[in-house]
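The next block holds one structure in the form of structure tokens; read it before the comments.
We did not get these values from a lab; they are worked out from the coordinates using the rules stated. Computed from a prediction, not measured in an experiment: that's the story for all the values here. Neighbour counts run over all protein chains shown; Cβ positions are idealised from the backbone, glycine included.
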Amino acid sequence: MPGKPMADNVQRIAMWSGPRNISSAMMRSWGNRPDTLVCDEPLYAHYLLKTGTPHPGADEVMRSQENDWRKVTRTLTEFVPPGKTIFYQKHMTHHLLPEIDRDWLSRLTNAFLIREPREVVASFAKIAGTPRIEDTGFRQQLDIFNWVRSKTGRVPPVVDARDVLEDPPRLLRFLCDALDVEFTDAMLSWPAGPRDTDGVWARHWYDNVVKSTTFQPYKAKTEPVPPRLDDLLHEADEIYRRLYEYRLGQ
């Protein structure tokens, strides 16, 4: 059940996001809690190995992480972080490939971070070229959300990136309440710089986060989305709207 600690008294939180969201800033926020250890995209290497997706630094990523999803998910559900009571896991929804059994998700507290598709696609296209709908993670995010909801009989927490950026204290309090975790002001700011817990891909994707010390104020993206991505954007927007209706803080 969401918010219920494991028998070993560790709260294992899986935050499911698509790429080009504020997922890394959210990881900084949780990582600044004294009771929390964070984990950065633990299924990334398996995803790259199986799909051959030409991401920046792909070979380095695969060398840096366990490639076997069975071993990875065992760690995610059993590892007890020394001196910590929360194990926060930053996940990309598209990393959960169809071949990966999902029963392990029932041993975690699952939450979802969504972002308006036009902003995701515009940001993604600047770094990684022309995305497919599978690359954006929107389909997978809805699928995981529906799986968790069906298994638990409850609507898992959903937070929208814009809502968080417009009022971090308010939305983080809502999120902590939904996860049955005490909110702390430590989540609102953090020291600049890299972290040992950052993935080796940080130098390709985390420039802004590494320089940050807090959530940046919301600023609408002005980059146009190429017309060739109109169909992708339409499908992603339909999925986003289905998740948006469940967002916290309405």
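Our summary gives the chain a relative contact order of 28 percent, counting only alpha carbon pairs under 8 angstrom and 6 or more residues apart. Taking the chain as a Gaussian network, where each spring joins two C-alpha atoms under 10 Å apart, which residue of Asp231, Asp35, Asp196 fluctuates the most? Result for the chain, Cα springs under 10 Å: Asp196 fluctuates most.
Computed from the alpha carbon atoms alone, the convex hull of the range 11-244 holds 119 Å³ per residue.
Based on DSSP H segments of at least four residues, each scored -39500 (n - 2.57), the chain has a per-residue ellipticity at 222 nm of -12000 deg cm²/dmol. Each listed q (0.11 Å⁻¹) maps to a log10 I(q)/I(0) for the range 83-179 from the Debye sum over equal C-alpha point scatterers, namely -0.39. Remark: the Asp68-Glu238 segment gains 57.9 nm on full extension, using 0.36 nm per residue and subtracting the alpha carbon distance. Annotation for Ser106 and Glu134: the two label points, set 7 Å from Cα along the Cα-Cβ direction, are 2.8 nm apart.
Residues whose amide H comes within less than 5 Å of that of Trp190, counting only those at least five positions distant or on another chain, are Thr214 (H built at 1.01 Å from N in the peptide plane).
With the Cα gyration tensor of the range 120-250 giving a ≥ b ≥ c as the square roots of its eigenvalues, does the rule (a/c under 1.5 for rounded; else a/b larger than b/c for prolate; else oblate) give rounded, prolate or oblate? Oblate, because a/c is 1.5 or more while a/b does not exceed b/c. When each full DSSP H helix of the chain is screened for a Cα extent of at least 30 Å along its own axis and an average Kyte-Doolittle hydropathy of at least -0.5, none passes.
Can you pick out the pairs among Lys50/Lys84; Lys151/Lys221; Lys84/Lys151 whose Cα atoms lie more than 29 Å from each other? Check vs 29 Å cut-off fails for Lys50/Lys84; Lys151/Lys221.
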